[in-house]
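As structure tokens, the structure follows; a few thoughts come after it.
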Amino acid sequence: MPFPPILRDSQGNPIPQVYDGANWQAYRGNMPLVTTHQNAATANGNGVAANVDGYGSAAIQISGTFNAKVNFQGSVDGINYVPIGVLDSNGNKVFSATAPGIYRAELGGIQFLRTPISDYVSGAVTVVSRALPVARPIDGGSFSLNGSYASSSPYTTTDSYGDAAVYDLAGKQGAKTLVIRNTGANPAVIAILGSVDGGATYPLTIYRGIEIGSAKTFWIGLKIFLTHLKVQAKSKNTGASTTVTTQLAGTSAPGETVTFGNISKNRYGSLAANTEETILDIMGPFELEALTVGTDSSIASIRIKTYAPDGSTNYEYVVPTANGTTIQVVTPNNLAVYANGENDFFKNFVYDTTNNKYSFGMKRQLPLRGGGVVSIKNWSATAQNIACFMEVSLGCD
């Protein structure tokens, strides 16, 4: 076997090689490529570029406290860089970022990836990327999964989120199934978090607010872009602890984040004056399949707020007035007065002012790719009866 030639990329970095029996070939292997592009940077600058030739996708994590802009750029020749669109945690395409977070980039055809800083004002910026190799068939197209973990030790919940399990995903790329079991007597609430900086921080919320009943199981399929995965759990009801175990294992084929199963929520009866009650609070993709409210008050409202990428809930579904001068919360009265009983999403099904009977709800499905909060509110100065039913499917098409 001859000695290999010395191969270097356009930036002078050595390229690993493997001998195929006849020739030496550049070797990328199955290991992810982790690059620190900006290391506590305190000024404008291009930072370090990553040679991502042969890699199909990357997660890019921005961390630190700063006032600056981080740009996402790619190049084919290593000299001329242009902006590339990446997906934020809410699924929106962006070309730059001004706050910490995790972003996903498709790298098909791109040889170099970098994250220049511009508009720097203050603070320190750190940017780390983790690129995954393009999947290639082996032995006629077979696909070998990279291992699994045994069940975690049982975790007893408290009233606050605590770490039920942490998984180091080094060498365990490909699709995975995360199974979470509530083996105790009371309901639990879970959160699933991700990291790309070796577990130092977990800024990516995959899901938060999923309720698991007693003796029930929740599962989610994941296409891993992370260095570490963390499962947190807490008691749903104050002082009512339960026990949670988790397990992570390989699945049969790669795929995006998916879940199966529906969640039904309902409440009925009196709601105190000027009181708002949260029915559902999930950060992570879900689809609102059905939502109906019945009440004896024309000013009882349903409130649907969507999660923004920074975790805030600044966006709410409302009723725009017909003259365009203002917007109103969703109540039977506002639908009747300002939208002739219905708009593109909400509709009054029953509007009986004589007998104080009102029923209203949604007309179509609503995908919430970043998650959202659904609540009801009694705007009246006296207690009113409000009943609510909703059906939710986890994940979004």
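Brief remarks follow.
- Selection within the range 287-308 - within 17 Å of the chain's Cα centre (by Cα) and either free of Cβ contacts under 8 Å to residues at least 12 places away in the same chain or surrounded by fewer than 17 Cβ atoms within 10 Å (Cβ to Cβ) (or both): Ala308
- Only one of Asn333, Asn314, Asn323 that is exposed (fewer than 15 other Cβ atoms within 10 Å of the Cβ) and within 21 Å of Trp379 (Cα to Cα): Asn314
- Single condition Phe95 does not satisfy, out of (1) surrounded by fewer than 16 Cβ atoms within 10 Å (Cβ to Cβ); (2) under 18 Å from the mean Cα position of the chain (by Cα); (3) hydrophobic (A, V, I, L, M, F, W, C): (2)
- Residue in the range 350-367 that is crowded, with 19+ Cβ neighbours inside 10 Å, over 27 Å from the mean Cα position of the chain (by Cα), at pLDDT 90 or above and among the hydroxyl-bearing types (Ser, Thr, Tyr) present: yes
- Subset of the range 191-209 (residues that are within 22 Å of Ala59 (Cβ to Cβ) and either in a strand (DSSP E or B) or among the β-branched types (Val, Ile, Thr) (or both)): Ala191, Ile192, Leu193, Gly194, Ser195, Val196, Thr201, Leu204, Thr205, Ile206, Tyr207, Arg208
- Condition broken by Asn333, with the remaining ones in (1) touching a residue at least 40 places away in the same chain (Cβ under 8 Å); (2) out of contact with any helix residue (DSSP H, G or I) (no Cβ under 9 Å at 6 or more places or on another chain); (3) not hydroxyl-bearing (Ser, Thr, Tyr) satisfied: (1)
- Cβ-Cβ contacts under 8 Å between residues 6 or more apart (or on different chains), taken from a first residue in the range 262-278 that is over 11 Å from Ser375 (Cβ atoms) to a second residue that is of a type in the set (Ser, Thr, Tyr) and at pLDDT 90 or above, are listed as Ala273/Ser380; Ala273/Thr382; Asn274/Ser380.
- Residue, farthest from the chain's Cα centre (by Cα), within the range 181-206, restricted to residues that are of a type outside the set (Gly, Ala, Ser) and modelled with pLDDT under 85: Asp197
- Considering the range 120-147, and only residues there that are closer than 18 Å to Thr36 by Cβ and either hydrophobic (A, V, I, L, M, F, W, C) or modelled with pLDDT under 50 (or both), the residue that is farthest from the chain's Cα centre (by Cα) turns out to be Ala124.
The values are calculated or read from the model by the stated rules, or taken from the named source; none is laboratory data. On a predicted model such as this, the values are computed, not experimentally measured, just so you know. In this analysis, Cβ positions are derived from the backbone assuming ideal geometry, glycine residues included, and neighbour counts consider all displayed protein chains.
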